[in-house]
Amino acid sequence: MRSFVRTHATEVSLFAVIVAISAVLSVSTANFFSLGNAFDLLNISSVNIIFAVGLLVVLIAGGIDISFAVAASVVQYGTAIALGWIGSGGWVSGLLIAASLGILLGAINAFLIHRFKVISIVATISTFNIYFGLLMFFTKGVSIYDLPDWLTDRVILFEHEMPDGTWIEITLPVLVMVICVIATWVLITRTTTGRQLYAFGDNPEGARRFGINIGAMQFIAFGWLGLMAGIGGLIQAHYAQEVVPNALYGRELDVLAAVVLGGARLGGGKGSVLGCVLGVLLISITQNGLNLMGVSPFAFKMIIGAIILVAITLSNSRIERLLPFVNQKGAGR
Amino acid sequence: MSAIVERLKALIGPEMAGPGLAFLAVVLVFGIASPQFLSAATFGSVAFQLPELGLLTLAMLLPILTGGLNLAITFTANIAGLTLAWVLQANGGVEAGPGAFALGSVLAILVGATSGVIMGLVIAFTRAHPILVSLSMMIFLRGLGEFLTRGGDVSGFPAYLGPLGHGSFLGVPIPLIVFIACVLAWHVLLTRSKLGFNTYMIGSNLEATRYSGINTRKVIVLVYALSGAMCAIAGIIMLARFNSVRIGHGESYLLITVLACFLGGVNPFGGFGRVIPVFVALVVLQLLSSGLNLVGANQHLATAVWGLLLAGVMVLRFVATKFKISFVRKET
Amino acid sequence: MHQLATAGGGEKPLLSLRDINMTFGGVKALKNVSFDVRPGEVHCLAGENGCGKSTLIKIITGVYRPADGASIEFDGETYSHMSPVTAQDRGIQVIWQDLALFPEMSVAENIAFQTVIGRWPKLVDYGRMRQIATDALARLGVTLDVDLPLKEYAIAQRQIVAIARALVGEARLVFMDEPTASLTQSETDHLLDIVRGLSASGVAVVFVSHRLAEVLEISSRITVLRDGALVGVYPATGMTQSRITELMTGKTFDQQVRAKPRDGQPVVLDVEGLSRPGQFEDVSLTVRRGETLGITGLLGAGRTELALTLFGMLKPASGTIALEGRPVRFSSNRDAIAAGVAYLSEDRLSLGLIQPQAIADNLVISSLDKILAGGLLSEERKRSLVSRWIADLGVKIGLQQDAISTLSGGNQQRVAIAKWLATDPKLLILDAPTVGVDVGARAGIFDIVARLAESGLAIILISDEVPEVYFNADRVLHMAQGRIVGSYDPRTSSLADIEGAVYA
């Protein structure tokens, strides 16, 4: 247990913060501490968690991706059009198309990064502009509301009325999110490929000397994020019941902030699925709590930005670092 | 002979190759494709559009040179604009005198610099990654702005501000004059001041710079403060141009400023990069969108082409390095 | 020149390289090199920095691919080049100088990392990893918590982890690239025992070290490389340190003690009872004008921490520092520099110089105020200041704006010295000034040091190479476990006396 706390400090402290916030909220608002609200939170957070676990894999491998959210928009549009061509289709064909498109867009990033040694932030900023510019150009910014019925109908997998009259619902987005989370967890902790991704992010030169296929690592990491972006995009279209080309614009930075809050490190080799999910949930819970407390929605982002800023400051500064001259043991190394 | 070539190379710098070639290519392609391209009208549209993006790019440049990034630039500009707007409104709105404008501008620049100072302090003292610090600052400022304006516009400014946005002086647009003055200021700062010198050194190796007796924390705080102040100038120009302030205005410029820096040969890891090539890169970007406009495309296509241009320049740079190595090999 | 060893020559080599050539960007790193290793022998690979040792190791382990025509024969099979996976499969292991470990991953994963390598994904067997790691550590007689991330451990333990990793699987040939560089003497002794044990169990070890005493103690044969070419292969018996140095550099050196009495000179630095608990305790010393004080001792003796304290980058817990009779208290190294203290870092690559930046900029960084004109930096003044120092210290450069990384180690170190001289110091602390400087260029550095001392500078010369301080300092202090435990005068003590005390 002690060793768990030591090696999972970020996850433990995030969990503690979530518990503390929840405790405050359940005392101060009537509706927060209900199962119904908890499941609502999961429903709302599903798409972001799907994006987040995808981005986590890229961060672990030492990269960064700015383009995944607009890639998800491209996938939404592409899938909607493709479904139009083949006649309505269903969840299986929809997911297959979205997944393949997503992987393709991720692979373009990996190709630039690996083949031409463009660093990931430069490569993905350029693809961000390419994807978004072309999407807006070809769609002329027009949304699609005319989606197949199966895609826009809510799928409730489980529902139950609580004694207090609220409903517990598990919807399709939650199921898909859980599958994505488990799949990512299996990939990065249980497979040799995942360990190679960690090793590559931690010490690329060391990984190279072990004969790890660097190109494969890039394609797997960015491909996985592409896959998650594709699936997340389709689920978002399902959730919103429409496809708006710039709906996800800007989402990349919110997700990045959540993932990093969850303990992933820019630069690679560090991060866990649990931390990542907790990071997204912390933000959703805060937002949800502020909402229930009757705080103006305009203030949400300000408070969340302040929380992230404080969290980053605290997590990076063990107190001794703030004071000069301490903890410089071995500074000469 | 070769000495002169070396001298020339050193003067222009290796960073100039990418944007220089792109400039020639853009002028050639559009010059042939559209007869109106090489005209005063193109110049005019570029001259008016360049300053906003340009000022924000200058704000982005300094942090990138230290190996960081400032993702809060657009919202810092908005908040600074908002500061000026309020000072003007508190002093009679449309009736506000030049004194109110001067006071408002000073406060706006102070507000911008303060946002930078806070980021700089966090980055310098905790060594937190600048992307994260500025990202959370961006989310905070966006929230703050939306909270204060309830998502609406603030407008109603004195008429004499119009020329700052649209006017010309001796045929040169006033925003362009402001921008060029800022470019020159940045150029002098980076090439001739101790702060600029240390900015490059920190970008290459912070610890070695500290061991050399440089107050690296002070430099980082100053860099972000100047970045924030430059955002404020952009915010003031934007206020004059649109005759209103709205949170989210210019948001789409954020990643374009990063793109412009990289296109201008700035090293993504910091330590290398010059103002003039970045300026040329900015001109290329604006020429591209004006040219595409002329042949009937819209800004969105231009955005995509900007992305392609950046990817293309990076790929060409890679190919050129490879070519250089194989060339050297053949020589020996 | 090619005086090939004959001892045990009838035995078939385990590894045999022929016609190895390698070019980097037009520079020939290896020229027709041959190299043999016999089963179970300890073979030393010796040569100056940049002689091609590391490149050779990377070719044998498949990281680099040699030019066409090469042949690599390992245990009966011939390859034109290796791949990392083949090398590991055949039992060739390396302990890299930089260790090539994964700090964020657990000790178990670091040691048993081979189990996650492979073309196709598999499920990870953490139980087996833990078992492999525990077994490998047990073989070395070490216990570590294999579940903790590696970053929780200090450098010496990481070194153990790297060794344990090399022993996993059926190692037949182990390369050790400077394995003792960061170890204390007792740790080094333990490592040498491990090497002997490996050798006795039939594993061949190729040992790369710049500590020639160690090399002579452990190896049976020595292969010397110079400028990417083979000089020869020699039996260790009958070899001496100075003979190896001659072979490595192609030059002969006869050094003489430079020490002189400086008692009449005024005291520049006076340190009284200086302590930083856990790093150094109760250090008192004085340095006079024109005097070179040598401080030697093993790595981890607290030498660098002491130097950083004198340079204002660490704060003493107790004790006093006085410069020219006035007590000083530095709150940062800026105060120290202003007071006339300069510190040449032992880590030139990451702390001493800013490698990607220009030679000129590296030289002026600590004395920017000298090149100001009207508040702005003057390109003119910079150029003339740099030219003056370049000429004064005899630095060989192309253009002033070339990156400092394009210079050789010796020339880089001269620029680093010039950078500090430009600040007009009274006291110059040189921390391991010859690390990464070729043996041939070291004498030049010490000539500069001697000249600076003659001109009145007080110098502290820190080195873990006892001969360096013995021949070049006026007095030698021996530091161990944070304390000054001995003081020697090179004119009255012998080198063997001091080495005996330091390496005891």
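What are the residue pairs meeting all of these: first residue in the range C:198-215, first residue of a type in the set (Gly, Ala, Ser), second residue in a helix (DSSP H, G or I), Cβ atoms under 6 Å, and 6 or more apart or on different chains?
Cβ pairs passing all conditions: C:Ser209/C:Val215.
So in the range C:387-420, with the set limited to residues that are under 28 Å from C:Thr286 (Cβ atoms) and touching a Ser or Thr at 6+ places or on another chain (Cβ under 9 Å), which one is surrounded by the most Cβ atoms within 10 Å (Cβ to Cβ)?
So, considering only residues that are under 28 Å from C:Thr286 (Cβ atoms) and touching a Ser or Thr at 6+ places or on another chain (Cβ under 9 Å), the one surrounded by the most Cβ atoms within 10 Å (Cβ to Cβ) is C:Gln413.
What helices (runs of 4 or more DSSP H) completely inside the range C:394-504 contain at least 2 residues that are of a type in the set (A, V, I, L, M, F, W, C) and at pLDDT 90 or above?
C:409-421, C:439-454, C:466-472
Go through (1) without any contact (Cβ under 8 Å) to a residue 60 or more places away in the chain; (2) within 25 Å of C:Gly228 (Cα to Cα); (3) surrounded by fewer than 23 Cβ atoms within 10 Å (Cβ to Cβ) for C:Asp438 and report which single condition fails.
With respect to (1) without any contact (Cβ under 8 Å) to a residue 60 or more places away in the chain; (2) within 25 Å of C:Gly228 (Cα to Cα); (3) surrounded by fewer than 23 Cβ atoms within 10 Å (Cβ to Cβ), C:Asp438 is out only on (1).
I need the full set of residues from the range A:136-167 which are within 14 Å of another protein chain (Cβ to nearest Cβ) and either outside any loop (DSSP other than H, G, I, E, B) or closer than 12 Å to A:Ala80 by Cβ (or both), in order please.
A:Met136, A:Phe137, A:Phe138, A:Thr139, A:Val142, listed by residue number.
What about B:His166, is it of a type outside the set (Gly, Ala, Ser), touching a strand residue (DSSP E or B) at 6+ places or on another chain (Cβ under 9 Å) and more than 14 Å from chain A (Cβ to nearest Cβ)?
yes
State whether the residues of the range C:417-424 include one that is farther than 30 Å from C:Gly302 by Cα, more than 8 Å from every other protein chain (Cβ to nearest Cβ) and among the charged types (D, E, K, R).
No - not one qualifying residue is present in the range C:417-424.
Pairs only if they're at least six apart or on different chains, beta carbon under 7 angstrom, first in the range A:261-279 and within 13 Å of B:His129 (Cα to Cα), second among the acidic types (Asp, Glu); list them, first residue then second.
Correct list of pairs: A:Gly263/A:Glu11; A:Gly268/A:Asp202.
Here is a check on your reading of the model: is B:Thr83 closer than 29 Å to B:Phe272 by Cα and not charged (D, E, K, R)?
No.
Looking only at the range B:206-228, which residues are within 8 Å of chain C (Cβ to nearest Cβ) and either touching a strand residue (DSSP E or B) at 6+ places or on another chain (Cβ under 8 Å) or under 24 Å from B:Val258 (Cα atoms) (or both)?
Listed by number, the list holds a single entry, B:Tyr211.
Out of curiosity, is A:Gly89 more than 30 Å from A:Thr193 (Cα to Cα) and either within 14 Å of chain C (Cβ to nearest Cβ) or touching a residue at least 24 places away in the same chain (Cβ under 8 Å) (or both)?
Judged against the criteria, A:Gly89 is a match.
Looking only at the range B:131-154, count how many residues are in contact (Cβ under 8 Å) with a residue 12 or more places away in the chain and not in a helix (DSSP H, G or I).
4
It is to be established whether one or more residues within the range C:250-259 are small (Gly, Ala, Ser) and more than 14 Å from every other protein chain (Cβ to nearest Cβ).
Yes, some residue in the range C:250-259 is small (Gly, Ala, Ser) and more than 14 Å from every other protein chain (Cβ to nearest Cβ).
Return only the number of the condition from (1) in contact with a Phe, Trp or Tyr (Cβ under 9 Å, 6 or more places away or on another chain); (2) buried (at least 21 other Cβ atoms within 10 Å of the Cβ); (3) within 14 Å of another protein chain (Cβ to nearest Cβ) that A:Gly102 does not satisfy.
(3)
List the strands (runs of 3 or more DSSP E) that sit entirely inside the range C:33-100 and contain at least 3 residues that are under 28 Å from the mean Cα position of the chain (by Cα).
Correct list: C:42-46, C:92-95.
Yes or no: the range A:186-193 includes at least one residue that is more than 22 Å from A:Val70 (Cβ to Cβ) and surrounded by fewer than 16 Cβ atoms within 10 Å (Cβ to Cβ).
So far as the range A:186-193 goes, yes, one or more of its residues are more than 22 Å from A:Val70 (Cβ to Cβ) and surrounded by fewer than 16 Cβ atoms within 10 Å (Cβ to Cβ).
Of C:Asp263, C:Asp282, C:Asp270, which residue is at pLDDT 90 or above, over 29 Å from C:Val439 (Cβ atoms) and surrounded by fewer than 16 Cβ atoms within 10 Å (Cβ to Cβ)?
Residue meeting the stated conditions: C:Asp282.
Can you name the number of the only condition in (1) within 14 Å of chain A (Cβ to nearest Cβ); (2) in contact (Cβ under 8 Å) with a residue 60 or more places away in the chain; (3) not hydroxyl-bearing (Ser, Thr, Tyr) that B:Ile109 fails?
Against the list (1) within 14 Å of chain A (Cβ to nearest Cβ); (2) in contact (Cβ under 8 Å) with a residue 60 or more places away in the chain; (3) not hydroxyl-bearing (Ser, Thr, Tyr), B:Ile109 comes up short only on (1).
Could you tell me how many of the residues in the range B:75-130 are in contact with a Pro (Cβ under 6 Å, 6 or more places away or on another chain), assigned to a helix (DSSP H, G or I) and farther than 17 Å from B:Lys218 by Cα?
Adding up the residues that qualify gives 1.
Scan the range B:304-326 and tell me whether some residue there is more than 13 Å from chain A (Cβ to nearest Cβ) and crowded, with 19+ Cβ neighbours inside 10 Å.
The answer is no; no qualifying residue exists.
B:Phe157 versus (1) more than 8 Å from every other protein chain (Cβ to nearest Cβ); (2) part of a helix (DSSP H, G or I); (3) buried (at least 22 other Cβ atoms within 10 Å of the Cβ); (4) not charged (D, E, K, R): which is the lone unmet condition?
Of (1) more than 8 Å from every other protein chain (Cβ to nearest Cβ); (2) part of a helix (DSSP H, G or I); (3) buried (at least 22 other Cβ atoms within 10 Å of the Cβ); (4) not charged (D, E, K, R), only one is false for B:Phe157: (2).
Out of curiosity, is C:Val364 out of contact with any His (no Cβ under 6 Å at 6 or more places or on another chain), more than 14 Å from chain A (Cβ to nearest Cβ) and within 30 Å of C:His478 (Cα to Cα)?
no
Of the residues A:Gln236, A:Gln218, only one is more than 22 Å from A:Leu151 (Cα to Cα), more than 12 Å from every other protein chain (Cβ to nearest Cβ) and crowded, with 24+ Cβ neighbours inside 10 Å; which?
A:Gln218
Among the listed residues C:Val142, C:Val161, identify the single one that is more than 10 Å from chain A (Cβ to nearest Cβ) and surrounded by fewer than 20 Cβ atoms within 10 Å (Cβ to Cβ).
From the options C:Val142, C:Val161, the qualifying one is C:Val142.
For C:Ser345, work out the one condition from (1) touching a Ser or Thr at 6+ places or on another chain (Cβ under 9 Å); (2) within 12 Å of chain A (Cβ to nearest Cβ); (3) surrounded by fewer than 22 Cβ atoms within 10 Å (Cβ to Cβ) it doesn't fulfil.
The one condition C:Ser345 does not meet is (3).
Out of the helices (runs of 4 or more DSSP H) lying entirely within the range A:1-114, which hold 1 or more residues that are at pLDDT 95 or above and in contact with a Ser or Thr (Cβ under 6 Å, 6 or more places away or on another chain)?
Once the helices (runs of 4 or more DSSP H) in the range A:1-114 are filtered for at least 1 residues that are at pLDDT 95 or above and in contact with a Ser or Thr (Cβ under 6 Å, 6 or more places away or on another chain), what remains is A:35-60.
Kindly establish whether C:Val116 is under 29 Å from C:His190 (Cα atoms), buried (at least 16 other Cβ atoms within 10 Å of the Cβ), free of Cβ contacts under 8 Å to residues at least 60 places away in the same chain and in contact with a helix residue (DSSP H, G or I) (Cβ under 6 Å, 6 or more places away or on another chain).
no
Restricting to the range B:28-42, name every residue that is part of a helix (DSSP H, G or I) and either surrounded by 16 or more Cβ atoms within 10 Å (Cβ to Cβ) or in contact with a helix residue (DSSP H, G or I) (Cβ under 6 Å, 6 or more places away or on another chain) (or both).
Listed by number, the residues that qualify are B:Phe30, B:Thr42.
The values are calculated or read from the model by the stated rules, or taken from the named source; none is laboratory data. What you are looking at is a predicted structure, and each value in this text was computed from that prediction instead of being measured. Positions of Cβ are generated from backbone atoms using ideal geometry, with glycine treated the same way; all protein chains shown enter the neighbour counts.
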